[in-house]
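Reading through the structure tokens given below for one structure.
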């Protein structure tokens, strides 16, 4: 099978477009990940402030797997899942 210059140029063009798409896709994925992490950090800080105003002690720490975990200790009994302390309606 013979390849002409035109065939080689089409192959180069197709490869360049594929590489450009892949690079762009990686940049967008990284930007989305950073935005999502900043959003969760903002929410965690807001929750921390709210719990501390209620009189609870809040501690952030990294687990052995690299994820952030939170410990909430205090007198309000707030469980971290709702807007009110446990048992309150």
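No value in this document is a laboratory result; all are computed from the given coordinates. Everything numeric here is computed off the predicted structure, so don't read it as measured data. When we count neighbours, we look across all protein chains shown, and the Cβ atoms used for this are built from the backbone with ideal geometry, even at glycine.
Annotations
- Spin-label model distance (nm) - residue 62 vs residue 41, 7 Å beyond Cα toward Cβ: 1.3
- Length added when fully stretched, residue 7-residue 33, from 0.36 nm per residue minus Cα-Cα: 5.4 nm
- Separation between Cα centres of region 1-23 and region 31-48, rounded to whole Å: 41
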